[in-house]
Amino acid sequence: MVKQLKPIVRLLWSGLFLDVRSYDEAADGDNPFVEGLFMVVLIGLLVALAHLVGSVLGWAVTPHLDQIKTLVHEGLVSMSWFQQFVASSAQSLQQFENSYDLVWQIAHLLAPNPRLALLALFLTPLQLLVQWLWFALVAQAVARMLGGQGKMKQTFGASALAFAPHLLYVFRALPMVGVAAVGVWTLLAQYVALRRVHENLSWPRVLTAVIAPSLILCFLIIVLILVIAPLMGALIGGMVS
Amino acid sequence: MKQRFRDWIAMARAALALESGPFYSFGSGPAPLQRAVLLVVVVGLMVGGVNAMIQLPALTRTPSFNVEALRQQIDQGLSFNETFRGELPPEVQTFLDVYRSSIEVFAPQIPKIMAVPSPLPAGVGRFLSWLGDWLSTPFGLLGRWLSISIWIMLFARLVGGKGTLLAYLGASSLSVLPHLLQALSFIPVIGGLFAVVAGIWGLAIQVKAVELTHQLPQKRAILAVILPYLLLFVLLAMALVVVLVLLMVTIAGGGS
């Protein structure tokens, strides 16, 4: 197992530093799709494991939220404005309690949660897989439209390696470390990947193919919101009436 | 090891003096980005390390909260306001009274909230927070360097540059060297000045990196470095105008 992993770790390491030879290797392997799939899942699992460790540590150093909630509540209800507020109408107290509970429910959701991190063990590799497939399919289609001659399987292999910068997220095993630069680094890696696969394309065309998946996704999300918002409005309006 | 360290120091001094040697050296070789990232990480760790060392004594102390000091601070703030603004309108005075009394009532809760235990001892949390602050510095520097460098690379190509991505990134990583000055940002008053000097010095190094790796004349290299900042300024100004217009339309709508 370790022997099998060694070349992949080496490939990921050189891919992280945008070594063009590693992108050629990933694109021209025996089965770039399967190798790419393995690489993306491996990155996803490592990141999710680090996230799990970080969540456990974060949870272990976070003070008990329920105790803080009680103490803050005690302080708030003894303030003079609160007495005036409660006296203003019969529903005021209930409204306050509902809003207060909602705020603390959100705080519980945002606080480190090892149980949610366990779910991420499955969701993170899945999320990376979807991102990889979307990028490879759209970028390849756009690159071909622009005159690129690279093959689909090559794009699958090289673009999987372009996810190597996501490995930086393993630093999230330490709960208070802010990991930056992953997005822009991945973009650079994707540019290098597509440039190697579609060698005949000029740099502006490669750049267009690299940013096309994100632009199309943004466009689709906006369209979806524009379609869903009136439907939701009508639905809520109907329920109210 | 010692010799290698000396070489690095000599290289850093030459780069800071805008000599061409380090730019060629960092822009070539088998793995220019590996060396570039190493440099950025080392600078980030050194800058963060100085701040971390300053914070070190606080690690061993349990943070305390002085209720009386908070009361005095608020009273001082309010009386300062009253002194300069003169007689306050009755509704403002009522609001300030409620504000003052609310803080007085809530203040005793703060030490209790700070004393709420966590599953692990509080010292572990303080250590992880300290370590997190330190290790986040290189990531921040890496993010800023890469984000600005891809835009400079793009504009360098648009003004006729011929350099490759890796060669330019390798050379431009030297622009983080002046940011070592930010390790002195803890000094009161002049600390902020060091950040400004580091920023300007970093831009000069970026110009040199563009000039050498893209084989551009100096004027065009300056243009390639300045244009991303100009674009950012224009975009921010446009966003501000849009927000202001929306705000005015909302206010006008509310008024009618």
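With the gyration tensor restricted to C-alpha atoms of chain B, the semi-axes of the equivalent ellipsoid amount to 46, 30, 16 Å, longest first. Considering the protein assembly as shown, its Cα convex hull presents a mean projected area of 32.8 nm².
In straight-distance terms, cross-link reach from B:Lys162 covers every one of the lysines whose alpha-carbon lies under 21 Å from its own, apart from those fewer than eight places away in the same chain; here that gives B:Lys208, B:Lys219.
For the chain pair A and B, the interface hides roughly 3400 square angstrom of accessible area in total, found with a 1.4 Å probe. Taking all protein chains together, B:Phe127, B:Phe5 sort by accessible area into B:Phe5, B:Phe127, largest first [probe 1.4 Å].
A DSSP coil position with no more than 12 other Cβ atoms inside 10 Å describes the following trypsin sites (Lys or Arg not before Pro) in segment B:34-80: B:Arg61. Pairwise Cα distances in segment A:111-241 exceed 18 Å in 64 percent of cases. The residue among B:Leu247, B:Phe5, B:Gly132 whose Cα reaches farthest toward the positive pole of the charge dipole of the protein assembly as shown, with charges on the beta-carbon of Lys, Arg, Asp and Glu, is B:Phe5.
Partners of A:Lys153 within straight-line reach, counting lysines whose Cα lies under 26 Å from its Cα and excluding those fewer than 8 residues away in the same chain: A:Lys3, A:Lys6.
The distance separating the Cα centre of segment B:89-161 from that of segment A:51-93 comes to 20 Å.
For chain B, averaging the sequence separation of C-alpha pairs within contact (under 8 Å, six or more residues apart) and dividing by the residue count gives a relative contact order of 30 percent. According to the Cα-based calculation, Rg over Rh for chain A is 1.15, with Rh computed by the Kirkwood formula.
Pairs of alpha carbons in segment A:63-110 separated by more than 17 Å make up 38% of all such pairs. Computed with a 1.4 Å probe over protein heavy atoms only, the accessible area of B:Lys112 comes to about 100 Å².
Here segment B:1-117 exposes an accessible surface that is 63 percent carbon and sulfur, computed with a 1.4 Å probe and the other protein chains kept in place. Candidate membrane-span-like segments in chain B, meaning DSSP H helices with Cα atoms spread over at least 15 Å of their own axis and a Kyte-Doolittle mean of 1.0 or above, are B:32-60, B:191-213, B:218-255, with no membrane implied. Straight-line cross-link partners of A:Lys69 among the lysines, defined as a Cα under 23 Å from its Cα and at least 8 positions apart when in the same chain: B:Lys112.
For segment A:56-73, a reduction of at least 20 Å² in accessible area between the chain on its own and the assembled protein chains (probe 1.4 Å) is found at A:Leu57, A:Trp59, A:Ala60, A:Val61, A:Pro63, A:His64, A:Gln67, A:Ile68, A:Leu71, A:Val72. With 10 Å bins beginning at zero, the pair-distance distribution over Cα atoms of segment B:114-183 amounts to 15, 32, 21, 15, 11, 5, 0 %. Keeping the other protein chains in place, figure out the carbon and sulfur percent of the accessible area of chain A, with a 1.4 Å probe. About 71 percent, which is the carbon plus sulfur part of the accessible surface.
With a Förster radius of 41 Å applied to the C-beta separation of B:Tyr229 and A:Gln149, the computed FRET efficiency comes to 0.65. Short-range pairs are left out: with C-alpha atoms under 8 Å and at least six residues apart, the relative contact order of chain A is 32 percent. When the other protein chains are added to the chain by itself, burial of at least 30 square angstrom of heavy-atom accessible area (probe 1.4 Å, ligands and nucleic acids ignored) affects these residues of segment A:180-221: A:Ala180, A:Ala181, A:Val184, A:Trp185, A:Leu188, A:Trp203.
The charge dipole of chain A, taken about its Cα centre with unit charges on the Cβ atoms of Lys, Arg (+1), Asp and Glu (-1) only, comes to about 660 debye.
Of the residues B:Ala52, B:Ile148, B:Tyr24, the one whose Cα sits farthest towards the positive end of the charge dipole of segment B:2-255 is B:Tyr24 (charges of +1 on Lys and Arg Cβ, -1 on Asp and Glu Cβ, taken about the Cα centre). In percent, what relative contact order does segment B:1-150 have, based on Cα pairs under 8 Å that are 6 or more apart in sequence? Computed over segment B:1-150, the figure is 42 percent. Anything in chain A that counts as a DSSP H helix reaching 24 Å or more along its axis (C-alpha) with Kyte-Doolittle mean of at least -1.0? List them, would you? Both cut-offs are met by A:32-61, A:92-110, A:114-145, A:203-240.
Counting only heavy atoms of the protein chains and using a 1.4 Å probe, A:Tyr100 has close to 20 Å² of accessible surface.
Once the 1.4 Å probe is applied to the protein heavy atoms, segment B:2-255 comes out at 57 Å² accessible per residue. Placing unit charges on the Cβ atoms only, positive for Lys and Arg and negative for Asp and Glu, gives chain B a dipole magnitude near 1300 debye about its Cα centre. Taking all protein chains as they are arranged and a probe of 1.4 Å, the heavy atoms of A:Ile106 leave approximately 90 Å² accessible to solvent. Positive-end ranking of A:Ala60, A:Ser214, A:Ser80 along the dipole of chain A, with charges on Cβ about the Cα centre, is headed by A:Ser214.
The values are calculated or read from the model by the stated rules, or taken from the named source; none is laboratory data. On a predicted model such as this, the values are computed, not experimentally measured, just so you know. Cβ sites come from the backbone with ideal geometry, for glycine too, and all protein chains shown count toward neighbours. Side chains included, ligands, DNA and RNA excluded: accessible areas come from the protein's heavy atoms. Shrake-Rupley method; radii C 1.70, N 1.55, O 1.52, S 1.80 Å.
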